[in-house]
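All remarks here apply to the structure that follows.
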Amino acid sequence: RALSLAREQRHASVELLQAEVEEVLRGGGWFATQHFAAGEVVLREGDVGECAYIIRAGRCEVLRGGKRLNVLGEGEVFGEMGVINDRPRSATVRAIDDVVVYVITRDALEHELDDNRWLATVIRALARRFQQADRALTESMG
């Protein structure tokens, strides 16, 4: 963008360029982004998911059985269990405002973890424990 010949495609200021470069250097700047209009469903309860989302801008509401459980804003994560298991989503998430999210796939998470061995060890251990707890809960319920 910074080198675009069309002025309207370049960053509006040096500060915006700097912020974008810093975001990429912190990691994850290469994640795909997705936009959702206010009222649009981002993920639906019962669907099987394969990715998580980080809210970059806007707010979302978390609903279970049609009842609001929570409101999430910038920097918050949802759908994270979809990255570590193939179970149906436990809630619906709908955009309250126009929302921009980073889409975190399993492959994207693995790519990020490849660069940080100790963090990868911790995340994988947590994921295994969540999966074990989820299996135990499922078995006890039915």
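Adding -39500 (n - 2.57) for every DSSP H run of four residues or longer, then dividing by how many residues the chain holds, sets the calculated 222 nm ellipticity at -11500 deg cm²/dmol. Placing one equal scatterer on every Cα of segment 40-109 and applying the Debye formula, the log10 ratio I(q)/I(0) at q = 0.11, 0.23 Å⁻¹ is -0.22, -0.98. Expressed as a whole percent, the accessible area of the chain that falls on carbon and sulfur atoms is 53 (1.4 Å probe).
Heavy atoms of the protein chains alone define the surface here; on that basis the chain has 68 Å² accessible area per residue at 1.4 Å probe size.
Using a Förster distance of 22 Å, how high is the FRET efficiency between Asn70 and Thr105, based on the Cβ-Cβ distance and rounded to 0.05? Mind showing how you got there, number by number?
On the way: r = 23 Å, r/R0 = 1.06.
After rounding, the FRET efficiency stands at 0.40.
The values are calculated or read from the model by the stated rules, or taken from the named source; none is laboratory data. Quick caveat: nothing in here was measured; it's all calculated off a predicted structure. Backbone-built Cβ (ideal geometry, glycine too); neighbour counts: all protein chains shown. Only protein heavy atoms, including side chains, enter the accessible area calculation; ligands, DNA and RNA are left aside. Shrake-Rupley method; radii C 1.70, N 1.55, O 1.52, S 1.80 Å.
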